1. Work out, in µm²/s and without decimals, the Stokes-Einstein translational diffusion coefficient of the chain at 4 °C, 1.567 mPa s, Rh from Kirkwood over C-alpha pairs.
2. What does the charge dipole of the chain about its Cα centre add up to, to the nearest 20 debye, if the Cβ of each Lys and Arg holds +1 and the Cβ of each Asp and Glu holds -1?
3. Can you tell me what the convex hull of the Cα atoms of the stretch 14-53 projects to on average, as an area in nm²?
4. Would you mind calculating the gained length between Thr22 and Thr64 on full extension (0.36 nm times residue separation, minus the Cα-Cα distance), in nm to one decimal?
5. Determine the gain in length on full extension of the stretch Phe32-Ala57; use 0.36 nm per residue of separation and subtract their C-alpha separation, reporting nm with one decimal.
Amino acid sequence: MLLTSAFRPIPELPPGQIRLVTGRTAAGKAFFDMLGVFAEFETNLRRERQAEGIAKAKRNGVYTGGKRRIDREEVQALISEGL
C-alpha cells in the first residue's frame with residue numbers, strides 16, 4: 001500500500017548522537033539569534049506588503065480607513081464643560 005510506505009519507523013539514534021541546542025554555547029546563541037533575525041525579517045516583509053496593499057486600495061478608492069471611535073462633537077462638548 002502507498003500509505004504504509006510513508007509511515008516507516010524512524011531509525012533510533014545512538015544516545016551519544018542526540019544533542020540539544022541551548023543558548024549556553026556560542027553556536028547555540030548564534031542559532032537562536034539567527035532565528036530572531038529571520039522572524040524580524042518576515043515581520044518586516046509582512047508590514048511592507050500590507051502597506052503596499054493599503055496604498056493600492058487607497059489609489060483605487062476602496063480603502064477609507066477604520067471607523068471613527070471618537071465623536072468630535074462630544075469631545076468639544078466635554079472641553080467646553082471644562083473636563
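1. 65 µm²/s
2. Values: 14 positive and 10 negative charges, 61 e Å.
The dipole of the chain has a size of about 300 debye.
3. On the way: hull surface 15.7 nm².
Average of the hull's projected areas for the stretch 14-53 equals 3.9 nm².
4. Result: 10.3 nm gained on full extension.
5. Result: 5.2 nm gained on full extension.
Here, each number is a calculation from the coordinates, and none is a lab measurement. Note that the structure is a prediction, hence the values are computed from the model and not measured. Cβ atoms come from the backbone with ideal geometry, glycine included; neighbour counts cover every protein chain shown.
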